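Below is one structure; the comments refer to it alone.
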Amino acid sequence: MNAPWSIRTKTGTAASNGNVGRRRFLSVTGSVVALLLAGCSGDGDGGDGSPTPTPDPGGSSTETESPTPAETSTPESTPTEADPDGSDPAAFERQAREFVELLVDGSFEAAHDRFTESAAAELSATQLEQAWDQVTRNTGSFVSIDAVAYQGETDGRATVTVDTVFSEVRSEFTIYLTEDGVEGFRLTDQGEFAWDPPAYADESAFEERTVTLDATESCDLGGTLSVPTGNDSVPGVVIVHGSGPVDRDATFGPNKPYKELAWGLASRGIAVLRYDKRTQACDADLADVTIDDVATDDALTAIQRLRDHDRVAADAVFVVGHSLGGALAPRIATRDGGLAGAVLLAPGPARPIEELVLDQQRHLLDQQDLTGEEREEAMAEVRESPSTTARKRPRRWRSRCFSDRVAATTR
């Protein structure tokens, strides 16, 4: 059986997102990224409904983070019954789920080993990585697997769907398998998450405009300034992010909590400045930055920018810090020296971050159907992982990050 693979792409240059991983990006257009068998009946012309083969993609590269297996969920497969022909739907579901998990983990060689001999000859591990990078470029980072369902078997080839959630879209993998392995797959986007303004926001009560904040010599931060309508002087608020590469709205799926907070405050007569975090907007080598580089300094820049606005009362500017931003709010206030106050939203950590990471991972593992031994093995990986523990971060990051513990600085 000849099994040419096809990928619908439009190559292009991806925007840099920092030296924080090893992935390469390729642009992709259309709602379907297809890597499936063309011409399985032997005619090779896509007569089975698969797309016509196109040249392998190429393009320029950048890097980003990807989640580890400990960060992903492993749901129960949809209950299935054995087929009359003796095939094992549960086994096919397990193979499909494991294949997706290998892609998520970045284990492309291992995923490639799951291919049938003919499929492996048509698509290399490198091409598989490029195809997956197209997926994450278009859909955002992987969040979870929602469901795995066996759809039946035709001519010795089983079809399994894997419903997945990414940060920007919900998607459905359709994976084709035989007893020898994965024959092909395609990924269909099921639409971007829609954001609805909160009921308490009155869009007629304020105006918004885009601003730019200086961050480094080579990078500026985009921001949005929401100012109540009218001519009176108003108080102002700067929103400071939590940890991670966060945009000005703290976008995650359909959620935009910073935007909702800004609209709510602006509807009630308070000017709000929110901005993209440096680790989201700029090329940053995380091995050589401090907490001031990625958070404190940019917050101070934003505060001064808001204070300089002709409608904002210079003596009525506040900082609202969320999570890590809340932990840093006392440091920011001390460095600025002129804030009217600071608001801490779910501030943290008030105890060492390495303890919190382990507690969070332990809670997530408790939600999964794991044996005690499997849970301990997973926790051991978390303890040793430099990407999920603070104890292996640069010393100066740790010393500055935790020098202003909320419990100490708010006494």
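List, please: which pairs have Cβ atoms under 6 Å, are six or more places apart or on different chains, and start with a residue in the stretch 119-139 that is within 19 Å of GLU101 (Cβ to Cβ) and end with one that is hydrophobic (A, V, I, L, M, F, W, C) and part of a helix (DSSP H, G or I)?
If the second residue must be hydrophobic (A, V, I, L, M, F, W, C) and part of a helix (DSSP H, G or I), the pairs left are ALA125/PHE108; LEU128/PHE108; GLU129/PHE108; TRP132/LEU103.
Taking the stretch 283-295 as the region of interest, how many residues are surrounded by fewer than 21 Cβ atoms within 10 Å (Cβ to Cβ) and touching a residue at least 24 places away in the same chain (Cβ under 8 Å)?
Let us first name the residues in the stretch 283-295 that are surrounded by fewer than 21 Cβ atoms within 10 Å (Cβ to Cβ), namely 283, 285-290, 292-293.
Next, from what is left, pick out any that are touching a residue at least 24 places away in the same chain (Cβ under 8 Å): 283, 285-290, 292.
Selection size over the stretch 283-295: 8.
Can you find even one residue in the stretch 238-246 that is closer than 30 Å to VAL289 by Cβ, polar (S, T, N, Q) and either in contact (Cβ under 8 Å) with a residue 40 or more places away in the chain or not in a loop (DSSP other than H, G, I, E, B) (or both)?
There is at least one residue in the stretch 238-246 that is closer than 30 Å to VAL289 by Cβ, polar (S, T, N, Q) and either in contact (Cβ under 8 Å) with a residue 40 or more places away in the chain or not in a loop (DSSP other than H, G, I, E, B) (or both).
Of the residues ASP214, ASP163, only one is under 24 Å from the mean Cα position of the chain (by Cα) and either among the hydroxyl-bearing types (Ser, Thr, Tyr) or over 24 Å from GLU117 (Cβ atoms) (or both); which?
On the way: ASP214 fails: under 24 Å from the mean Cα position of the chain (by Cα).
Residue meeting the stated conditions: ASP163.
If SER218 meets every condition in (1) loosely packed, with under 14 Cβ neighbours inside 10 Å; (2) under 29 Å from ASP133 (Cα atoms); (3) modelled with pLDDT of 95 or more apart from one, which number is that one?
(3)
Given ASP276, ASP297, ASP310, which one is at pLDDT 95 or above, in the same structural domain as VAL211 (by TED's automatic domain parsing) and within 20 Å of SER226 (Cα to Cα)?
Numbers: ASP276 fails: at pLDDT 95 or above; ASP297 fails: within 20 Å of SER226 (Cα to Cα).
Just a single option satisfies the conditions, and that option is ASP310.
Name the residues in the stretch 126-170 that are within 17 Å of PHE108 (Cα to Cα) and β-branched (Val, Ile, Thr), would you? Walk me through it before giving the result.
Going through the stretch 126-170, the residues within 17 Å of PHE108 (Cα to Cα) turn out to be 126-137, 141-142.
Matches in the stretch 126-170: THR126, VAL135, THR136.
From VAL211, VAL165, VAL182, VAL160, which residue is within 29 Å of ALA266 (Cβ to Cβ), among the hydrophobic types (A, V, I, L, M, F, W, C), in contact with a strand residue (DSSP E or B) (Cβ under 9 Å, 6 or more places away or on another chain) and not in a loop (DSSP other than H, G, I, E, B)? Outline the logic, then answer.
On the way: VAL165 fails: within 29 Å of ALA266 (Cβ to Cβ); VAL182 fails: within 29 Å of ALA266 (Cβ to Cβ); VAL160 fails: within 29 Å of ALA266 (Cβ to Cβ).
Criteria check complete, one pass: VAL211.
Restricting the stretch 309-348 to residues that are in contact (Cβ under 8 Å) with a residue 24 or more places away in the chain and in contact with a Phe, Trp or Tyr (Cβ under 7 Å, 6 or more places away or on another chain), which is farthest from SER243 (Cα to Cα)?
Filtering first and then ranking leaves ALA340.
Can you name every residue in the stretch 240-254 that is more than 17 Å from ALA201 (Cα to Cα) and at pLDDT 90 or above?
Listed by number, the residues that qualify are VAL240, HIS241, GLY242, ARG248, ALA250.
Could you tell me which residue of the stretch 319-368 is modelled with the highest pLDDT, considering only residues that are of a type in the set (S, T, N, Q) and buried (at least 16 other Cβ atoms within 10 Å of the Cβ)?
First, pick out the residues of the stretch 319-368 that are of a type in the set (S, T, N, Q): 323, 334, 360-361, 367-368.
Filter once more, keeping what is buried (at least 16 other Cβ atoms within 10 Å of the Cβ): 323, 361.
Details: SER323: 90, GLN361: 82.
The extreme case among them is SER323.
I need the full set of residues from the stretch 297-327 which are in contact with a helix residue (DSSP H, G or I) (Cβ under 8 Å, 6 or more places away or on another chain) and within 30 Å of VAL357 (Cα to Cα), in order please.
ASP298, ALA299, LEU300, VAL319, VAL320, GLY321, HIS322, LEU324, GLY325, GLY326, ALA327
The values are calculated or read from the model by the stated rules, or taken from the named source; none is laboratory data. Note that the structure is predicted; figures quoted are calculated from it, not measured. No Cβ is skipped: glycine too gets one built from the backbone with ideal geometry, and neighbour counts run over all protein chains shown.
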